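Chemist: First, the structure itself, so that you have it in front of you.
The values are calculated or read from the model by the stated rules, or taken from the named source; none is laboratory data. Note that the structure is predicted; figures quoted are calculated from it, not measured. Please note: Cβ atoms are built from the backbone with ideal geometry, for glycine as well, and neighbour counts cover all protein chains shown.
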Amino acid sequence: MKAPRDQHFLIDPNAVNRIADLEDVQGKKVLEIGPGNGALTRALLDRGAIVHAIELDGLLCEQLAVTFSHEIEQGQLTLQHGDATRCEIPPFEMTVSNLPYSASSKITFRLMGMGFRVAVLMYQAEFADRMVAKAGTKDCGRLSIMVQTYAVVQHCFRLPPQCFSPRPEVHSAVVKIFPRDPIFYINDRKVYADVVRALFSHRRKTVRNCLRGSGSLLGEAWVNRVIAALPEEILKSRPEELYLEDFATIANIP
């Protein structure tokens, strides 16, 4: 199969098996985004998963339909031609996917809003590192905060470029994501997401200046109330220095 732009097929059988064995998929409804050449799909099916695969490339969908015609007839595999950033996604118990680099962020944020038990996802290594970066450190960003607010993230292992065809210019990494309720109470999840987005849009500025520059997103009146209510210690900090509790404190101000 020829790889479309931004898709790197996993061709190392040992890497495929390591990913497929990270969770017990026997009898589980598994979502796979970007099945590509079907290597991971095959491994999941061989382990007894009931797979729903979403593929953006129409030609790949046709090729996969031929390759897995028996599994489709048996109801073990459903193929969907669509864009996982916006198409309808049926309920699933877990997802095991090699995500396309350019859509990793959009797909991850979308998945976080859905109910599932665990996600085993492969990303560009730098992206995965940002996901697990601790709040209050210089490597922390919007992705780190939003994912860790609603999930526990476990870094599993890295994969070198030679595990893929065509070879990417960077290493990849596999992580597990376990959804959970926020540690700190959040009154309105949309407001919380807007606050995190606004602050990290100006991450080198202080929280006070970030808020002042985000009136169009957050509302000028609300920003003024927040600045008046927050302690100076938070206002003079930079977003990367804040902890999850601080973001919740800001977002919960009425």
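Chemist: Could you list, in sequence order, all residues of the stretch 162-191 that are within 21 Å of ASP21 (Cα to Cα) and not β-branched (Val, Ile, Thr)?
Modeler: Step one: of the stretch 162-191, the residues within 21 Å of ASP21 (Cα to Cα) are 162-164, 171-179.
GLN162, CYS163, PHE164, HIS171, SER172, ALA173, LYS176, PHE178, PRO179, listed by residue number.
Chemist: Quick one: would you say LEU31 is of a type outside the set (Lys, Arg), within 22 Å of the chain's Cα centre (by Cα), assigned by TED's automatic domain parsing to the domain that holds LEU121 and not in a helix (DSSP H, G or I)?
Modeler: On the way: of a type outside the set (Lys, Arg): yes; within 22 Å of the chain's Cα centre (by Cα): yes; assigned by TED's automatic domain parsing to the domain that holds LEU121: yes; not in a helix (DSSP H, G or I): yes.
Judged against the criteria, LEU31 is a match.
Chemist: Of the residues VAL66, VAL152, VAL147, which is outside the structural domain of ARG203 (by TED's automatic domain parsing) and either of a type in the set (Phe, Trp, Tyr) or part of a strand (DSSP E or B) (or both)? Give the derivation first.
Modeler: Values: VAL66 fails: either of a type in the set (Phe, Trp, Tyr) or part of a strand (DSSP E or B) (or both); VAL147 fails: either of a type in the set (Phe, Trp, Tyr) or part of a strand (DSSP E or B) (or both).
None of the others qualify; the one that does is VAL152.
Chemist: Also, quick follow-up: Being in contact with a Pro (Cβ under 7 Å, 6 or more places away or on another chain), surrounded by 22 or more Cβ atoms within 10 Å (Cβ to Cβ) and hydrophobic (A, V, I, L, M, F, W, C) is true for just one of LEU111, LEU40, LEU64. Which residue is that?
Modeler: Details: LEU111 fails: in contact with a Pro (Cβ under 7 Å, 6 or more places away or on another chain); LEU40 fails: in contact with a Pro (Cβ under 7 Å, 6 or more places away or on another chain).
LEU64 is the lone residue from the list that is in contact with a Pro (Cβ under 7 Å, 6 or more places away or on another chain), surrounded by 22 or more Cβ atoms within 10 Å (Cβ to Cβ) and hydrophobic (A, V, I, L, M, F, W, C).
Chemist: Please find, within the stretch 181-228, the residue that is surrounded by the fewest Cβ atoms within 10 Å (Cβ to Cβ) out of those that are in contact (Cβ under 8 Å) with a residue 40 or more places away in the chain and β-branched (Val, Ile, Thr).
Modeler: ILE183
Chemist: Provide a single number: the residues in the stretch 16-49 that are farther than 21 Å from PHE178 by Cβ and touching a Leu at 6+ places or on another chain (Cβ under 8 Å). Can you show your working first?
Modeler: Here is the first cut: in the stretch 16-49, the residues farther than 21 Å from PHE178 by Cβ are 16-17, 34-39, 41-43, 45-46, 48.
Subsequent filtering for residues that are touching a Leu at 6+ places or on another chain (Cβ under 8 Å) retains 16, 34-39, 41, 45.
Qualifying residue count for the region: 9.
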